[in-house]
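Comments concern the structure below.
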Amino acid sequence: METILIRGGRVLDPANDIDGVANVLVENGRVSAIGPDLEVPGAERVDASGCWVAPGLFDMHVHLREPGQEYKEDLSSGGRAAAAGGFTAVACMANTDPANDDPSVTDFIIDRARQDSPVRIYPIAAATRRLAGEVMTEMAALRDAGAVAFSDDGKTIMDSGVMRRVLEYSNLVRVPIIVHAEDCSLIGDGVVNEGPISTRLGLPGNPTEAEDILVARDLRLAKMTGARLHVAHISSAGAVEAVRRAREEGIQVTAEVTPHHLTLTDEATLDYDTNTKMAPPLRSAADIEACRAGLVDGTIDCIATDHAPHAVHEKEVDFQEAPCGIIGLETAFPVVMDLVRSGELSPLELVRRMSTAAAQILGCAGGSLAVGEVADVVVLDPEESWVYDPAKGYSKSRNSPWAGQRLTGRARATLVGGRLVYHSERGILHP
Ligand SMILES: [Zn+2]
């Protein structure tokens, strides 16, 4: 195992409330020492001057498309995109083909990820068979196979009775339930946020109430069952307020928000770019403000990308026909740096929301630079200015609303288990 000294960076460790310039020594796969004057002859050096040194970023919501849709992404390309984005761990949703509703699929993902991916990949299993929202999966067997959470993400469990049983059973297996909360009957044919913009576009709208109502239902069911509920990709002011009140009530709820729901409004859709089509849709400026305020005050625990690769031919169709979702692993850090530049979040609090919080919610390793911890570490340059070209990225897909844009902030180096897996000047180094 390599001995690596990360020198001269600003160490940001939310788990231990550390923010200061120091050198970080990594030995035998673990953080072995941190100190301002630490020097180790013979150690491989990673220059972090002008950079942040943080626990590796942790994205608890990605779609990696393997098995079944490897033309969009696979565990290798998705893992590489994650490493290049500064992530050391991701959790992948169950809507593969076949769906991850059986331990054999969970086993496959874990085995394949170990061989092919530079970063840790944790499978999230389906809550219901074939994500049909009807019959519960074998949660205990899936958990034993390595599932870290359950979710039918991409689809809402519309049957409240099924949702109740899913939450009740999750108490027995002690794994959180992640909800995609949108009322399908209210969405109807809606493809953009319902409001002035949907009217101008002449496209059917998807109202915020579709999200508000399902989040409210699931919060009541979480209270009734005592289960741990995690709200995926929260996007409406009403849902944020509902989660805030539920936390005050003592309901066990956590929530995530995506980089796009923090920075893009539905006005981004005015030129019918299908790379602005997602579920939930981009919302109004007032909703963005509510999401940002919720992230700042801790109502929303973490940032998750909802990285959703689609092929060019799938997105280059009429807006109404295009699939939902965008890729996000390689742009998340510079995009959400907007909240640091605006003064809403300190660098330490941004790292908490991109790393420590997700590790804690899923009960996985990571999110801490404590001496003795597994060395999942990222070196982030908050000032690097670069033009994002998805064709030069590691994801197999290119569906990004930030394509061609100048971004500020980029990962310089990513270490997983003490091994340098990515360096911005050398590319992916393992596997
Ligand atoms: Zn998703």
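The values are calculated or read from the model by the stated rules, or taken from the named source; none is laboratory data. Note that the structure is predicted; figures quoted are calculated from it, not measured. Heads up, the Cβs are rebuilt from the backbone with ideal geometry, glycines too, and the neighbour counts pull from every protein chain shown. Quick note on the areas: whole protein, heavy atoms, side chains included, nothing else; ligands and nucleic acids left out. Shrake-Rupley method; radii C 1.70, N 1.55, O 1.52, S 1.80 Å.
Observations on the structure shown:
- Residue under evaluation residue 219, criteria (1) closer than 19 Å to residue 261 by Cα; (2) surrounded by 22 or more Cβ atoms within 10 Å (Cβ to Cβ); (3) more than 16 Å from the ligand (Cβ to nearest atom), criterion not met: (1)
- Residue within the stretch 95-108 that is over 27 Å from residue 234 (Cα atoms), among the aliphatic types (A, V, I, L, M), away from the ligand (no atom under 15 Å from the Cβ) and surrounded by fewer than 24 Cβ atoms within 10 Å (Cβ to Cβ) present: yes
- Residue ID - farthest from residue 361 (Cα to Cα), chosen from residues in the stretch 239-261 that are in contact (Cβ under 8 Å) with a residue 40 or more places away in the chain and among the small types (Gly, Ala, Ser): 239
- The strands (runs of 3 or more DSSP E) found entirely in the stretch 12-73 that carry 3 or more residues being within 16 Å of the ligand (Cβ to nearest atom) are 57-62.
- Criterion violated by residue 23 - all others in (1) within 25 Å of residue 329 (Cα to Cα); (2) buried (at least 22 other Cβ atoms within 10 Å of the Cβ) satisfied: (1)
- Enumerated helices (runs of 4 or more DSSP H) restricted to the stretch 100-219, each holding at least 3 residues that are polar (S, T, N, Q): 103-116, 160-173
- Sole exception among (1) in contact with a helix residue (DSSP H, G or I) (Cβ under 8 Å, 6 or more places away or on another chain); (2) within 16 Å of the ligand (Cβ to nearest atom) for residue 258, by number: (1)
- Residue in the stretch 299-309 that is surrounded by fewer than 24 Cβ atoms within 10 Å (Cβ to Cβ) and assigned to a loop (DSSP other than H, G, I, E, B) present: no
- Number of positions in the stretch 235-282 that are part of a helix (DSSP H, G or I) and either open to solvent by 50 Å² or more (accessible area, probe 1.4 Å) or on the phi > 0 side of the Ramachandran plot (or both): 7
- For the stretch 296-314, the set of residues classified as over 12 Å from the mean Cα position of the chain (by Cα), among the β-branched types (Val, Ile, Thr) and closer than 29 Å to residue 238 by Cβ consists of 296, 299, 300, listed by residue number.
- The test for being open to solvent by 10 Å² or more (accessible area, probe 1.4 Å), under 18 Å from residue 178 (Cα atoms) and away from the ligand (no atom under 16 Å from the Cβ) does not hold for residue 318.
- Between 176, 196, 204, the distinction of being out of contact with any Cys (no Cβ under 8 Å at 6 or more places or on another chain), in contact (Cβ under 8 Å) with a residue 12 or more places away in the chain and open to solvent by 30 Å² or more (accessible area, probe 1.4 Å) belongs to 204 only.
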